[in-house]
Structure formats: C-alpha cells, structure tokens
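For reference, the structure is listed below as structure tokens.
Here, each number is a calculation from the coordinates, and none is a lab measurement. Computed from a predicted structure; not experimentally measured. Virtual Cβ from ideal backbone geometry, glycine too; neighbours counted across all protein chains shown.
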Amino acid sequence: MTQTHFTGSNVDFFSTGNIRADYIINRLMGGQMLEYWQFMIHYETGTLVNSSVSANTYRFTYQNWNSRFVPEVFLNGGETPLHKDLYEVDYENGRITMRFELQPNDNVQVTYNFSYFTADDLFSYILRALSTCNTAGVGVTNYTIDDAPVNFDGVLADLAIAMCMERLIVDYDVWKGRLVFAISPSGLYEGSDNIISQLEMIKRNCEERAYKSVENPTFKLGRHLAKPTSLYYRSIMYGNGMRTGLHGTSDYGKLRGIVINKGVFGGSLGI
C-alpha cells in the first residue's frame, strides 16, 4: 500500500503538483520540519463569524488544519467534547460550523492540530532556493525544478528550511507567531530571546551546509562530458605517433589522416 502520511504523525504528505518538489519536501525536509507541520493548539475559544449565512460558524487563530487529527470541540467550557456529528470542520480555513442552534451567550472551544506552512509556501521556498543556486557560486545557470541536477536536492532542502526559520523569526514579532511556542505568560507578552536564537541557529546551520555545496566549483556541472577539443580530433585522425612504411613515415590515427573534399561536402572539419 502506498504511504500517504508521515508515520506516527498527524501530517499527510504534501502535494504541490510537482513530483520533484514533493520529494524534496516530504523526504528531505520532513525529518527536520515535521514538528513545525503539526503544531497543537489546545482549547482555543473561537470567534463567531459575523454573517447571517454563517450564524453558527466560528473562526480560530490558525488555518491549514491537519485532517488526520479530528478537532475536539467543546461548548461553553465543558470538559466533554461534542460528538463529531454535531459540527462541521473547514480544515483549510480553520473554522467550525455547529449543526444545531446556539444561544446568544454560547461559546465554542476547540483543540486542533495545524501546519504552520502550506504546500504552496514550501514550494515557493524551493523555487527561491533554486534561483539562488542558479546565480550563486561559479557561473550562472537557468535550471528549472524539473531539469536541475540531482545534487541540487539537498541544497534546495537546506535553503528552504532556512527560509522557514526566517518566516518563523519574522512572525514571532506578531502575537500570533508566539502562540505556537511553549513559553511562559511573561515570555508570551515580552518575547523570548531563547526562541529566536534557536530558530536562528537552525537557519544558520542550513545556510552554511547549503553554501558549502554551492561554492564548490563543480556544483553546477552535473554529469556532463567535456566538449571534444581539436587535439582530440587530431589524435583520432592522425594519432600520436608515426607509422613507418615502404614509402617512409607518416602520421597515423584511426581515420588514417582522412581529408574531407571541400567541393563535395561544402566545408571542412575546421581543425
């Protein structure tokens, strides 16, 4: 049976529509990024959506919920979660719609699991990393995600992880970004230097690994043969030694010193 999710997790494999990108995300990034793809939010009180059409719909801080985790929904601070038939879940937008009429003062709490990064986010980071690989190091290339050499994969993964860490660092300045980290109430209000330093360390390590590879002079060459030179052709035509015969000595190679008639072929070998 084909595996569709990360073993022992709430995360389905990401699908970007590109096989190469999916391999980089799921197989090369997953080992480091898995916990950032399954943050747990406990007992958050939802905000009623102000719409006559969605009178019983509640939105929550984060979207992109993992569908492998069934949200636990509580009514008015209760300790027993409601049966799943009593509500509808919008995993993409992070919303709960109740299937029964609520009173004006009712409130809804939900425990849910979500990924901080979407498939689109991760794919865009890989494309940006590829652009960096094409311009960094020795020479400039124009590889696409489909024809880049296989040795690019690890570098693309490291640079994409570094961009994820950069995103978390930037978002940490916003209240929403701090809610996902296990820090004290005072740290939640003031911010914690420990969190930022840890994210920066991961970012720096990934960047250092990536740029060590990019700066290798042969990184962009791939598995290509060198273009044959005029010396190569001469060795094929004339050889490196001399042939001794009845009529003296002459150059000797596999083509026995073949000469192309200019009048027949309209040109010459040019060597």
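Brief remarks on what is shown
- ³J(HN,Hα), Karplus 6.51/-1.76/1.60, whole Hz, each residue of the stretch 117-125, x for Gly, Pro: 10, 8, 4, 5, 4, 5, 5, 5, 5
- Averaging the sequence gap over all C-alpha pairs within less than 8 Å and six or more residues apart, then dividing by the number of residues, gives the stretch 1-120 a relative contact order of 32 percent.
- Within the stretch 75-163, the GluC sites (Glu not before Pro) that combine a DSSP coil assignment with at most 14 other C-beta atoms in a 10 angstrom radius are E79, E92, E101.
- Amide hydrogen proximity for V108: with H placed 1.01 Å from N in the peptide plane, the residues at 5 or more positions away or on another chain lying under 5 Å are G46, N76.
- Computed from the alpha carbon atoms alone, the convex hull of the stretch 30-179 holds 151 Å³ per residue.
- Coupling constants for the stretch 98-109 follow from the phi torsions by the Karplus curve (6.51 cos²θ - 1.76 cosθ + 1.60, θ = phi - 60°), and in residue order they are 6, 9, 9, 6, 9, 7, x, 9, 6, 9, 10, 10 Hz; glycine and proline get x.
- Cα centroid separation, the stretch 22-77 to the stretch 126-163: 31 Å.
- Using θ = phi - 60° and Karplus 6.51 cos²θ - 1.76 cosθ + 1.60, couplings along the stretch 87-97 (whole Hz; Gly, Pro as x): 8, 10, 10, 9, 5, 5, 9, x, 9, 10, 10
- Chymotrypsin sites (Phe, Trp or Tyr not before Pro) within the stretch 59-131: DSSP coil, no more than 11 neighbouring Cβ in 10 Å: F100
- Loop trypsin sites (Lys or Arg not before Pro), the stretch 55-113, which have at most 12 other Cβ atoms in a 10 Å radius of their Cβ (DSSP): R99
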